[in-house]
Amino acid sequence: MQVLDLGAGTGKLTEALVSLDREVLAVDPVEEMLDELELAVPGVPRILGTAEDIPIDDDSVDAVVAGQAWHWFEPHRAIPEIARVLRPGGVLGLVWNSRDLSADWLREAGEIMHDRHDASETFESYVRIGPPFGPVDEHTVAWTERMTRARFLDLVRSRSYFLMASPEEQAATIAALETLLDTHPDVSGAVELEVPYLTRCFRARLG
């Protein structure tokens, strides 16, 4: 099966697809991202391109997937372009990961990090694919990642909000999170944090 990873970024989804023995082509509009992808998943063909202008031939792939990327696309242009490169009966797959904010400590951490909302609440508006694709099927997977406190705080430091904040705001955010991790009964004293996630997957087949 030939799969196009659209908006592949640094290759997190690409790597998972390769591990499933799929023949993968990575497309992204940022050359630096594709350079990082080459380091993470050597040998995967990389092409500069966008969802609205995919530089491959008609009927070239069996599936197009996008991980955490659909909201960057212009659907009215991207949908017919994706349909063009798919073979008859091909599949469009969309994936989002979000923290499971039903965990009280993680919800409080999100408030400290100034999360606007749980991204999963808006997915339905993202996946109105429509013709020439058929109905959208959905599947949700709940999973947990174990990580140290240091790793969790490093992830916070990588978020766009944190990077754009002033040094004083950054210091205040980390201090508040450290206090939360020290005092919240669900995580206080824990050597490792169990961070719950939801992966929501959407699939539509080309009619």
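The values are calculated or read from the model by the stated rules, or taken from the named source; none is laboratory data. Everything numeric here is computed off the predicted structure, so don't read it as measured data. A quick note on method: Cβ atoms are made from the backbone with ideal geometry, for glycine too, and the neighbour counts reach across all protein chains shown. Just the protein is used for accessible areas: all its heavy atoms, side chains included, with ligands, DNA and RNA removed. Shrake-Rupley method; radii C 1.70, N 1.55, O 1.52, S 1.80 Å.
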- Query: How much area per residue is accessible in segment 146-207 when the probe is 1.4 Å and only protein heavy atoms are counted (Å²)?
  - Reply: 58
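Distances over 30 Å make up what percent of all Cα-Cα pairs in the chain? Can you show the working numbers first?
On the way: 6684 of 21321 pairs.
The calculated P(r) of the chain puts 31 percent of pairs beyond 30 Å.
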- Note on the structure: Taking placed amide H atoms and a strict 5 Å upper bound, the residues 5 or more places from V64 or on another chain that come that close are L4, V91, L92, G93
- How large is the dipole of the chain about the Cα centre if only Lys and Arg carry +1 and Asp and Glu carry -1, each at its Cβ, rounded to the nearest 20 debye? 380
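How large is the charge dipole for segment 1-77, taken about the Cα centre, if only the Cβ atoms of Lys, Arg (+1) and Asp, Glu (-1) carry charge, to the nearest 20 debye? All intermediate terms of the calculation are to be shown ahead of the outcome.
On the way: 4 positive and 17 negative charges, 51 e Å.
Computed about the Cα centre, the dipole is about 240 debye.
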- Work out, step by step, the length gained on full extension between I56 and L39: first 0.36 nm times the residue separation, then minus their alpha carbon distance; give nm to one decimal. 3.8 nm
- Select from W72, T50, I112 the residue farthest towards the positive end of the dipole of segment 40-119; place +1 on Cβ of Lys and Arg, -1 on Cβ of Asp and Glu, and compute about the Cα centre. T50
- Expressed in square angstrom to the nearest 10, the accessible area of M1 with a 1.4 Å probe stands at 130
- Task: Report, to the nearest whole %, how much of the accessible area of the chain belongs to carbon and sulfur atoms, 1.4 Å probe, protein only.
- Result: 53
- Note on the structure: What helix-only [θ] at 222 nm does the chain give? Using -39500 (n - 2.57) per DSSP H run of at least 4, over all residues, to the nearest 500, the answer is -10000 deg cm²/dmol
- Rounded to whole angstrom, the alpha-carbon centroid of segment 56-90 lies from that of segment 137-207 at a distance of 30
